[in-house]
Amino acid sequence: MGARSGAQFLQGLRSTKRQLWLEGERVDDVTTHPALAGGAQTLAGVFDRLHAFPEECLTPDPETGEPLNVGHMIPRSVDDLKRRNRGLQRIAEATVGLMGRTPDYMNVKFASFAGRWKDWLGADGRNEGGAHNLVTFQKRLARQDISLTHTIIHPTIDKSTDSQILGNRVPVHKIAESRAGIVVRGARILATLAPFADEIAVYPAHPLPAGAEAYALAFSIPVDTPGLLFMCRDSAATPGAAVFDRPLSTRFDEQDAFVIFDDVEIPRERLFIDGRIDLYNSVGTTGLRDNMTNQTTIRALTKLEFAYGLATRMAEAIGDASPVTQEMLGELLDYVEVARSAVLLSAEHGRDVGDGVWFPDGRPLAPMRSLLATWFPRVNEIIMLVGSHNLLATPSRRQLDDALLRPLIDEFLHGARGVDAEERAGLFRLAWDFVGSSLAGRNVLYERFYLTSAARNRIGHHLRNVDRSRAYALVDGILAAGRKAGGFSKAPSERG
Ligand SMILES: Cc1cc2nc3c(=O)[nH]c(=O)nc-3n(C[C@H](O)[C@H](O)[C@H](O)COP(=O)(O)OP(=O)(O)OC[C@H]3O[C@@H](n4cnc5c(N)ncnc54)[C@H](O)[C@@H]3O)c2cc1C
């Protein structure tokens, strides 16, 4: 089939009878539920957008030639990496980077897995079934253009004991073999996009200790598999609000759900890892991190560009040319350009990882994982500081349409230099929806945690950086010069 249209995507959602709860009710049709319809329509627009920009967003299936979402591409050159980046940018533009989990996010991850399956699941020849299942699944994901959610984190119950895993009945784990596969029980957190997904993937994140074979699982199953339950967080979609009043919330709530596996049977052909802790714990060596951070940095760059444009337009609308505001706008632009440089460099320095498969260079991307998590709260702060009370002096659509109020609003609530009242209200409402609404609160939490915390990313970045030879050489050079100049009593090797 290849890349689907928005209408096909919506039809797929309608025909999938998932067990999904939202605010106390089970939702039968996610495409018409007031709290979900806006998100469904936006995502349908993303599917259609691929066909509107085929040169950037579609790529031919290497075997069948049918057009696929560019996120499924397994790059084979620097040009491929650059082309994929252009496509991912086009997709991010559809939601100005506010939806983190448009399906290209998972498409890129599984293309990354499939590109390295021989070095990972197939490495020792003892998981041939799992490796075959993964490669087959990635092709199906691409050719049927499946919308995929995922969940990789164990729920928090008691931070003093959670990490002990063994004997912990909460994280999803295997409880039995069945005729057709295995049965799993437990929970995972958090499946963003759950209402708008056709399938859910479970795969490794934090490493498991020895003896935790039951937890060493990777698979993908349809979201309507019996026993699979999704509990959505409260909606941030403001159903019934005018788009003018809530331009982001009404369209860009991608939802997040807690996932319960209440004795779910995973068919054998859907299993990628079943009990192999070594494979589970080596997911970090597959290049996954570099590919996913490539996609996420492009998405974040788009959001930063939007934030810069928004803050600048706000300042202009109220004639704010003060040095303090100019400095903050410059700070936003700094973030934009550093993120842009990371994306450009990672493609330019892309590398052959074997079998003619090319991955982006992870070095410029690695710092983005913690930097973006700390920049986005600051981005919100800057928009609040630029906007100040003006963020709340914003007539609604109905107030603007009121015959009595409108002349007064035009007289008392216009902006500087010819910016009329409606333009000003629209701009500052957009800003409030970006930094102050329920969606805004969720989004800043997302930026802080969706790639795990900045702290965990910094620690991991340092520990993975095993080649410190140049950094050490620079230090040793100065120390040697100090010794030569008589600054040390003994050489380090001579000290006890
Ligand atoms: C909106 C949202 C959407 C999400 N969507 C998904 C999804 O679709 N799929 C999915 O699988 N997961 C998803 N997640 C979950 C996400 O993967 C986890 O929240 C993330 O991994 C962080 O998990 P954690 O609590 O273990 O964080 P941690 O990294 O443990 O951080 C928790 C706290 O501990 C601190 N900390 C951590 N390590 C250290 C340390 N060594 N020293 C000092 N302090 C430390 C951090 O600063 C932070 O304050 C989502 C999360 C959010 C918020």
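The values are calculated or read from the model by the stated rules, or taken from the named source; none is laboratory data. It should be emphasised that the depicted structure is a prediction, and the values quoted were computed from it without experimental measurement. Glycine also receives a Cβ, built like all others from the backbone with ideal geometry; neighbour counts cover every protein chain displayed.
At-a-glance table
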read-out: All helices (runs of 4 or more DSSP H) inside segment 359-443 with 1 or more residues being under 21 Å from the mean Cα position of the chain (by Cα) and among the polar types (S, T, N, Q); value: 366-387
read-out: From the options 471, 425, 454, residue that is away from the ligand (no atom under 16 Å from the Cβ), over 21 Å from residue 308 (Cα atoms) and either in contact with a strand residue (DSSP E or B) (Cβ under 6 Å, 6 or more places away or on another chain) or at pLDDT 95 or above (or both); value: 471
read-out: Out of 101, 90, sole residue that is assigned by TED's automatic domain parsing to the domain that holds residue 13 and either of a type in the set (A, V, I, L, M) or away from the ligand (no atom under 16 Å from the Cβ) (or both); value: 90
read-out: Test result for residue 346, of a type outside the set (Val, Ile, Thr), surrounded by fewer than 21 Cβ atoms within 10 Å (Cβ to Cβ) and assigned to a helix (DSSP H, G or I); value: no
read-out: Extreme residue, surrounded by the fewest Cβ atoms within 10 Å (Cβ to Cβ), among residues of segment 219-235 that are more than 16 Å from the ligand (Cβ to nearest atom) and either over 26 Å from residue 167 (Cβ atoms) or free of Cβ contacts under 8 Å to residues at least 24 places away in the same chain (or both); value: 226
read-out: Of all residues in segment 122-155 being assigned to a loop (DSSP other than H, G, I, E, B) and within 30 Å of residue 13 (Cβ to Cβ), the one that is farthest from the ligand (Cβ to nearest atom); value: 144
read-out: Listing of strands (runs of 3 or more DSSP E) fully contained in segment 1-79 that carry 2 or more residues being touching a residue at least 12 places away in the same chain (Cβ under 8 Å) and out of contact with any Gly (no Cβ under 7 Å at 6 or more places or on another chain); value: 19-22, 58-60
read-out: Verdict on residue 182 being within 16 Å of the ligand (Cβ to nearest atom) and in contact (Cβ under 8 Å) with a residue 40 or more places away in the chain; value: no
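Rundown of residues vs (1) over 20 Å from residue 140 (Cβ atoms); (2) surrounded by fewer than 16 Cβ atoms within 10 Å (Cβ to Cβ), yes/no style:
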position	(1), (2)
164	yes, yes
169	yes, yes
178	yes, yes
188	yes, no
196	no, no
204	yes, no
217	no, no
